[in-house]
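Take a look at the structure set out below.
Rule-based calculations on the coordinates, nothing more; no lab input. No experiment lies behind these values; they were computed from the predicted model shown. We place every Cβ from the backbone using ideal geometry, glycine too, and count neighbours over all the protein chains shown.
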Amino acid sequence: MTSLSICNVGKQYHKGATTLENINLEIRSGEFLILVGPSGCGKSTLMNMIAGLEEVSSGQILLNDHDITHAPPAARDIAMVFQSYALYPNMSVYDNIAFGLQIRKWPKSDIETEVQRVAKMLQIDHLLSRKPAQLSGGQQQRVAMGRALARRPKVYLFDEPLSNLDAKLRVEMRTEVKKLHQRLGTTIVYVTHDQIEAMTLADRIAVMKDGVIQQLGTPQEIYQSPNNLFVASFIGSPAMNFIPVTVERNDQGLFVQLSDSGGQRLNVPLRADLPATVGQELILGLRPEAITEVQPHRLSQADTFQGQFMVEMTEPTGPDTLTLLRINQREVTARIAPQANPQAGHSLALMLDASQALFFEPSSGERLRASPQQRIA
Ligand SMILES: Nc1ncnc2c1ncn2[C@@H]1O[C@H](COP(=O)(O)OP(=O)(O)OP(=O)(O)O)[C@@H](O)[C@H]1O
Ligand SMILES: [Mg+2]
């Protein structure tokens, strides 16, 4: 079993321009860690440094407490599937997958078994005699994945390995990757742009922005308790709704005011342990699933509010209908059961679950929380 430690790692491709800043990650043995973040935030750079393909400008990388910061790639026993997967163009699919095993001097029959096993799993077993140029992009990507999977390295690095697959195959491969991880228990670092992939596969997710880790946590922590506005807006699809509000006080304590389409006020209380003051401007974050059709059995719960909202547009997804409406003149998305029949131009009674409301400080973007020392990342 293999743990991977990234200690204060920085990268400067050019003098004065920092691509990665003080990255610290303790990847546990057998852990499935996912890196997400916008294009250009440094995900591939970090992966390439772990693989030994890019110089580390500062800090250390340890594999099982062994310093590999400057070790050549071949000495690391790490298999990587690159974002721009380069296959050997003159070799067949079979040989592309077998190559790593051949140079490790595996017996021929074992290679045959392994290539067949991997090819079957990736649904490319009918393509083994073809050359890469005779494959679609998605097929090539699966061959690149097969090449890494046929080895039994200490660590797998996957840089957007499923990005070129169609939606259905992508979901199937996602399941295969998860099964593979459950079976082998190999440590995996995986980059994706796909929220669902990140949420479904990861033991922990690291959310990056501009070369800095914004938050490291379980998918549930990242989703339910984002550290800041960036993480809150980056994770979740459709994105969290953000509504500017001002803190007020009544005899029950602090609250912020929301209003429905008819101007009816809904006073959303702030938890007493949040460090807010009267008159303070905040951003209220509410995920689409916190705005639903009225569920009568939940209306008696504290923190649920009913209002009447004018529907501006609907986007049926099947299981629910994403519905655009306005709260405090801000456009927000609600997640409504199709049976409630939301229709553009019609008014609809909806329920807000304010127990899911998060509050953010607008200038720093930080989430208000009871004890700031609990911050992760
Ligand atoms: N070899 C290089 N020389 C100089 N700058 C580079 C080099 N490789 C990457 N960069 C820059 O470093 C930054 C991070 O790039 P990187 O490829 O790590 O981003 P990424 O998070 O993987 O993005 P994407 O999601 O688009 O793949 C970018 O601004 C990129 O332009
Ligand atoms: Mg990349």
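Quick one: which residues, 5 or more positions from Thr321 or on another chain, have an amide H under 5 Å from its amide H? H modelled 1.01 Å from N in the peptide plane, none for Pro or chain starts.
The list, which skips near neighbours in sequence, is Ile336, Ala337.
Starting from the Cα of Asn24, step 7 Å along the direction of its Cβ; do the same at Arg265; then give the gap between the two resulting points in nm.
Here the answer is 4.6 nm between the modelled labels.
Let me make sure I get this right: for the chain, a, b and c are the square roots of the gyration tensor eigenvalues over alpha carbons, sorted descending. Under 1.5 in a/c it's rounded, otherwise prolate if a/b > b/c, else oblate. Which is it?
Prolate shape, in that a/c is at least 1.5 and a/b is the bigger ratio.
Please return the longest range in the chain lying between exposed loop sites, taking trypsin sites (Lys or Arg not before Pro), DSSP loop only, at most 12 other beta-carbon atoms within 10 Å, and leaving the sites out.
Longest run free of exposed loop sites: 106-374.
Run the paramagnetic zone check for Asn250: 7 angstrom along Cα to Cβ, then residues of the stretch 348-371 with backbone nitrogen under 17 Å.
352-355
Out of all DSSP beta bridges with both ends in the stretch 4-234, state the antiparallel percent to the nearest 5.
Approximately 50 percent, going by the DSSP bridge assignments.
Go through Thr277, Ala349, Tyr13 and say which Cα lies farthest out towards the positive end of the charge dipole of the chain; charges sit on Cβ, +1 for Lys and Arg, -1 for Asp and Glu.
Highest projection toward the positive end goes to Tyr13.
What's the magnitude of the charge dipole for the stretch 4-234 around its Cα centre, counting Lys and Arg as +1 and Asp and Glu as -1 at the beta-carbon? Answer in Debye, nearest 20.
Roughly 600 debye for the stretch 4-234.
Compute, for the stretch 162-279, the length of the dipole vector about the Cα centre, with Cβ point charges of +1 (Lys, Arg) and -1 (Asp, Glu) only. Units Debye, rounded to 20.
Details: 11 positive and 12 negative charges, 54 e Å.
In debye, rounded to 20, the stretch 162-279 gives about 260.
At 7 Å along the Cα-to-beta-carbon direction for both Glu331 and Met313, put a label point, then send me their distance in nm to one decimal.
Reported label-point gap for Glu331 and Met313 is 0.5 nm.
Skipping prolines and chain starts, which residues have an amide H placed within reach, meaning under 5 Å, of the one on Phe158, given they are 5 or more residues away or on another chain?
Those lying under 5 Å, H to H, from Phe158 are Val81, Val189, Tyr190, Val191.
Past 26 Å, Cα to Cα: identify those pairs from Lys108/Lys154; Lys168/Lys209; Lys108/Lys131; Lys108/Lys168; Lys11/Lys168; Lys154/Lys178, in the order given.
Lys168/Lys209; Lys108/Lys168; Lys11/Lys168
May I ask you to derive the FRET efficiency for Ile103 and Val212 from their Cβ-Cβ distance with R0 = 22 Å, giving the value to the nearest 0.05?
0.05
Most fluctuating residue of Leu35, Leu135, Leu282 in a GNM of the chain with Cα springs under 10 Å: which is it?
Highest fluctuation of the listed residues: Leu135.
Let's see if you can work this out: charge +1 on each Lys and Arg Cβ, -1 on each Asp and Glu Cβ, no other charges. What is the dipole magnitude of the stretch 1-103 about its Cα centre, in debye to the nearest 20?
240 debye
Which one of Ser300, Ser163, Ser347 has the biggest mean-square fluctuation once the chain is modelled by GNM with Cα springs under 10 Å?
Looking only at Ser300, Ser163, Ser347, the largest GNM fluctuation is found for Ser300.
May I ask you to derive the FRET efficiency for Gln306 and Lys120 from their Cβ-Cβ distance with R0 = 41 Å, giving the value to the nearest 0.05?
Efficiency at R0 = 41 Å is approximately 0.15.
Would you work out which of Gly365, His193, Asn328 lies farthest towards the positive end of the dipole of the chain, given +1 charges on the beta-carbon of Lys and Arg and -1 on that of Asp and Glu, about the Cα centre?
His193
Given the options Gly42, Gly30, Gly345, state which has the largest fluctuation in a GNM of the chain using a 10 Å cut-off (strictly under) for Cα springs.
In this elastic network of the chain, the residue with the biggest mean-square fluctuation among Gly42, Gly30, Gly345 is Gly345.
Between Asp203 and Leu184, what is the label-point separation in nm under the 7 Å Cα-to-beta-carbon projection?
A separation of 1.5 nm, rounded to one decimal place.
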